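Report on the following structure.
The values are calculated or read from the model by the stated rules, or taken from the named source; none is laboratory data. Keep in mind the model is a prediction, meaning the values are calculated, not measured. Note that we place each Cβ from the backbone using ideal geometry, even for glycine, and neighbour counts take in every protein chain shown. For accessibility, only protein heavy atoms count, side chains too; no ligands or nucleic acids. Shrake-Rupley method; radii C 1.70, N 1.55, O 1.52, S 1.80 Å.
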Amino acid sequence: MMKSWHSLIHKFEGWRRKYQHYSSWLWSLDFRRLISSLFIDKLSLSRYRPKKNAIKLRNCLFVLIFSIISLTSVVGYRFYNQPQLTVGKIAPVTIKAPHTAQFEDTKTTLEKRQEVQTGIIPILKRNESLTQEITDNLDLYLESIDRLRNLTEPFPFFDPQALSISSQKYIRLCPESEFQAILASVDENYREKNLALENSPNFNVQLQRVATELKAYRALTSASDFNTLIAQITLTRHRYAQALRKLPRKKATHFNEQEMMLLLDLTEKDWQTTKSTMSVAVNRILAQGIAEGIPSNVLEQAVIAQISPDIPTTTASFACNLLLEILKPNLEVDRDATRNIAEKAAMAINSVIVEINQGEVIVEKGARISQADFVLLDGFKLSQRAFNWSGLRLSATFVCAIIGLFLLIQRQIHTHLRHRDYLLLCLLSLTAPLLSVFEIPHSSLPAIGLLVSSFYSPVLGVCEVLLVTALVIFSTQPLNSAYLFAACVGGLIAAGFAGKLRSREAMAKLGIMVGLAQLLVYLSSNLMVSASPTTIWSAILPDALNCGLFGVVWSVIAIGISPYLERFFDLITPIRLAELSNPNLPLLKRLATETPGTFQHTMFVASLAETAARELNCNVELVRAGTLYHDIGKMHDPLSFIENQMGGVNKHDRINDPWISAEIIKKHVSEGLVMARKYRLPKAIRDFIPEHQGTLLIAYFYHQAQQQAQLEGKTVLESDFRYVGPIPQSRESGILMLADGSEAALRSLKDVTHKQAITTIQKIFKSRWHDGQLSDSGISYDELPIIAEIFVRVWQQFNHKRIIYPKAALEIKPNPRQD
């Protein structure tokens, strides 16, 4: 019946246009509005709205039922063909083997092979660069000691028969006061008051021995030879003091300064023996290798065993401590060799085979079924596999609980979801349990988190990831907790950041971050449960790298399919809105070239609306994109709009019919919607086209029609001069309506104060408010002054004053050089 009414309306419209030149009074009739007011409105009230509500309810029930059935069918997959007689259950009857057979126990075989792989001892190899570094450090240290010893040479510096080795050691090391006391006691030429040996505060046996030996030498030799000896002693003391100052001051861990000073007193033979012994010991120990985590006492015993037979007793302690200081682990895990050994060891484990002869009892009545019993029962198809209806009911209950919890949370954080949005969320939720059905351990949680967060909101993405994780845990038996936990963390990171990103490059970087997070989480989780940390680096690290790689892969897949999902499900994301705002897109280039005045109007309106949206915490990207496309319908007839006439003749003056002019003006909305659908703009962008005009009155032509009607005695319907609507349904489109209405008024203001500009804008806002245009937009009356202040501020930025150049500065003067 509705179709018949619409066809009748179109026929009347066609007759009106065909015969309009015969009678002018036909222009005043609007058959569409007249018939609609008489019949269509009543039908809409009585039939259209209930039908629309019924369709909406039907679609809602369809999505809900589809979600429950699809999720239950996937989550409860393990209950489809589940054996009734399983391990641990009591056998109801005695079951015998129908014939002789043997079956492989795949579960036990797999467990044994995994146990062998996990418990394999890592194969170690020597790190050649680290080994060379240790030997180089020892050589450098020994060379530094050689240089210090060269400073103190020669030693002994005098004949040991005349001056003993112990006396020579003491005299080059003793304080200056003791040396002067010795000289004073030996020779009168050096005697001074208070320097006699008996007056020395540090008088000791060694001091007396040195003095006695020097006195004996003084008595046997001439004064010249004695003075030569004293000069030699003085030079030796000076060089020894220099060597002491150059000793390493960095405190070592295993030896002290006294032991290092001992090196300067060694004979050349003992020092060479010490050096060669330490070098040989280090080479032997490093050749055998030092493993990570070796106890310090074990290493110390190895060092002592290598140096004990050959090294001098006086330097044994120093050599041992020096080697303990320099030596460090030089063995590392050979991952390839370890993996090969583990694989060979696993494959060496023969398959566990369970055999039985015909007539033998598999399990007695009342006995508990073992793993071997279950293998036989399942092999003979006696395990009574069937649908586990209780398990499926449990799955359906769990799925309903998850859906109910999601709807409860979603209503609080993201209320505006369409049926197609629920369908998309359901399809995304199905991917993770489906992968577990096919025993693929790498869950799609990172992709789910990234897509839901970018399509809707980060909070909804986090909620989706957690709930899908719960579904996977419920559906997967046995559960690979390490992989799932890593994927869950990756999904949470993706969900937390994806909704805030504004470019696909940033999305790609987020994918790398997700992969690294999964790698670290997988390693950490296995490290906590592993008894041997070295096993982690040999056997677990490849799996960790694989887990991290799949985190990146899932992110790349999500980024790749995102544009297709956006178009198929009519979604808007910050990235897509940024792409739609590119002025180089074909539709916007047409707008700029075919309607340049409208394009300039659009750019100014966009500046007003964006600034207001940012101040009111609205979706700035949506406002920008919606504003750029709100007047594309004016391209159907650019010269019908004054901003594109460029000072030429006004087309509406030639028409001289306000009804036709109003229809032309209103047509830019309907034509705009046609163009938007042709270029496949999202619905959220298309909504700006009719909503920015709402049901406003085209006042100029309405008043013109009233003047003509008074002269001709006609009646003017206000509805003929109002836009079809709807009025703005969001804060963003409401801001655009206010900005669009304010643009012309602001451009017309010249040399006015800030207060006058505010007053002008507020009049426009009050007109829109009292006309009911903002009743569904969500913009409150208290926010209108804020928006007005923002619009005027932006207008002032566009209309700032410039310096007026004098005429003389603009005149072109001839260059005197050219003359």
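Here are the numbers for this structure:
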{"quantity": "When residues of region 504-529 are limited to those that are surrounded by fewer than 19 Cβ atoms within 10 Å (Cβ to Cβ) and under 14 Å from Ala558 (Cα atoms), the one modelled with the lowest pLDDT", "calculated": "Arg504"}
{"quantity": "Number of the condition not met by Met675 [criteria: (1) part of a helix (DSSP H, G or I); (2) over 22 Å from Val724 (Cα atoms); (3) out of contact with any Asp or Glu (no Cβ under 6 Å at 6 or more places or on another chain)]", "calculated": "(2)"}
{"quantity": "Hits in region 707-720 - residues which are assigned to a helix (DSSP H, G or I) and farther than 25 Å from Phe765 by Cα", "calculated": "Gln707, Gln708, Ala709, Gln710, Leu711, Glu712"}
{"quantity": "Check on Lys169, among the charged types (D, E, K, R), more than 45 Å from the chain's Cα centre (by Cα) and open to solvent by 70 Å² or more (accessible area, probe 1.4 Å)", "calculated": "yes"}
{"quantity": "Conditions (1) of a type in the set (A, V, I, L, M, F, W, C); (2) more than 22 Å from the chain's Cα centre (by Cα); (3) buried (at least 22 other Cβ atoms within 10 Å of the Cβ); number of the one not met by Ile448", "calculated": "(2)"}
{"quantity": "Residue check, Gln371 touching a residue at least 40 places away in the same chain (Cβ under 8 Å), among the polar types (S, T, N, Q) and open to solvent by 80 Å² or more (accessible area, probe 1.4 Å)", "calculated": "no"}
{"quantity": "Residues being open to solvent by less than 90 Å² (accessible area, probe 1.4 Å) and either out of contact with any strand residue (DSSP E or B) (no Cβ under 8 Å at 6 or more places or on another chain) or small (Gly, Ala, Ser) (or both) - total across region 344-355", "calculated": "5"}
{"quantity": "Any chance Phe406 is more than 19 Å from Leu471 (Cα to Cα), aromatic (Phe, Trp, Tyr), at pLDDT 90 or above and assigned by the TED database to the domain that holds Val552", "calculated": "no"}
{"quantity": "Filter pass, Ser670 being in a helix (DSSP H, G or I), in contact (Cβ under 8 Å) with a residue 12 or more places away in the chain, open to solvent by 20 Å² or more (accessible area, probe 1.4 Å) and within 24 Å of Arg731 (Cβ to Cβ)", "calculated": "no"}
{"quantity": "Matching residues in region 678-700 - criterion: being assigned to a helix (DSSP H, G or I), open to solvent by 20 Å² or more (accessible area, probe 1.4 Å) and among the aromatic types (Phe, Trp, Tyr)", "calculated": "Tyr700"}
{"quantity": "Breaking point among (1) surrounded by 15 or more Cβ atoms within 10 Å (Cβ to Cβ); (2) in a helix (DSSP H, G or I), for His703", "calculated": "(1)"}
{"quantity": "Selection status of Gln258, assigned to a helix (DSSP H, G or I), open to solvent by 40 Å² or more (accessible area, probe 1.4 Å) and modelled with pLDDT of 85 or more", "calculated": "no"}
{"quantity": "Test: residue in region 126-139 that is under 30 Å from Glu292 (Cα atoms), in contact (Cβ under 8 Å) with a residue 12 or more places away in the chain, polar (S, T, N, Q) and assigned to a loop (DSSP other than H, G, I, E, B)", "calculated": "yes"}
{"quantity": "Matching residues, region 494-505, being within 9 Å of the chain's Cα centre (by Cα) and more than 19 Å from Ser429 (Cβ to Cβ)", "calculated": "Phe497"}
{"quantity": "Any hit, region 629-637, residues being out of contact with any Asp or Glu (no Cβ under 9 Å at 6 or more places or on another chain) and assigned by the TED database to the domain that holds Pro728", "calculated": "yes"}
{"quantity": "Test: residue in region 796-811 that is modelled with pLDDT of 90 or more, more than 27 Å from His601 (Cβ to Cβ) and open to solvent by 100 Å² or more (accessible area, probe 1.4 Å)", "calculated": "no"}
{"quantity": "Residue match in region 371-378 (condition: of a type outside the set (Val, Ile, Thr) and in contact with a Pro (Cβ under 7 Å, 6 or more places away or on another chain))", "calculated": "yes"}
{"quantity": "Filter result for the condition that a residue is open to solvent by 90 Å² or more (accessible area, probe 1.4 Å) and of a type in the set (Phe, Trp, Tyr), over Tyr77, Tyr141", "calculated": "Tyr77"}
{"quantity": "Neighbours by Cβ (under 9 Å, 6+ apart or cross-chain): first from region 643-665, under 15 Å from Gln704 (Cα atoms) and of a type in the set (Phe, Trp, Tyr); second open to solvent by less than 60 Å² (accessible area, probe 1.4 Å) and part of a helix (DSSP H, G or I)", "calculated": "Trp659/Trp27; Trp659/Ser28; Trp659/Phe701; Trp659/Ala705; Trp659/Asp720; Trp659/Phe721"}
{"quantity": "Test for Thr315: is it loosely packed, with under 14 Cβ neighbours inside 10 Å and of a type in the set (Ser, Thr, Tyr)", "calculated": "no"}
{"quantity": "Single match in Asp334, Asp310 (criterion: open to solvent by less than 70 Å² (accessible area, probe 1.4 Å) and not hydrophobic (A, V, I, L, M, F, W, C))", "calculated": "Asp334"}
{"quantity": "Every residue from region 563-582 that is in contact with a Phe, Trp or Tyr (Cβ under 9 Å, 6 or more places away or on another chain) and open to solvent by 10 Å² or more (accessible area, probe 1.4 Å)", "calculated": "Leu565, Phe569, Ile572, Leu580"}
{"quantity": "Complete set of residues in region 611-641 that are over 38 Å from the mean Cα position of the chain (by Cα) and either acidic (Asp, Glu) or open to solvent by less than 40 Å² (accessible area, probe 1.4 Å) (or both)", "calculated": "Asp631, Ile632, Gly633, Lys634, Met635, Asp637, Pro638, Ser640, Phe641"}
{"quantity": "Matching residues, region 294-328, being outside any helix (DSSP H, G or I) and in contact (Cβ under 8 Å) with a residue 60 or more places away in the chain", "calculated": "Leu327, Lys328"}
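Residue-by-condition table, conditions (1) modelled with pLDDT under 85; (2) within 54 Å of the chain's Cα centre (by Cα); (3) more than 27 Å from Leu673 (Cβ to Cβ):
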residue: Phe688; (1), (2), (3): no, yes, no
residue: Glu691; (1), (2), (3): no, yes, no
residue: Thr695; (1), (2), (3): no, yes, no
residue: Tyr700; (1), (2), (3): no, no, no
residue: His703; (1), (2), (3): no, no, yes
residue: Gln707; (1), (2), (3): no, no, yes
residue: Ser719; (1), (2), (3): no, no, no
residue: Tyr723; (1), (2), (3): no, yes, no
residue: Pro726; (1), (2), (3): no, yes, no
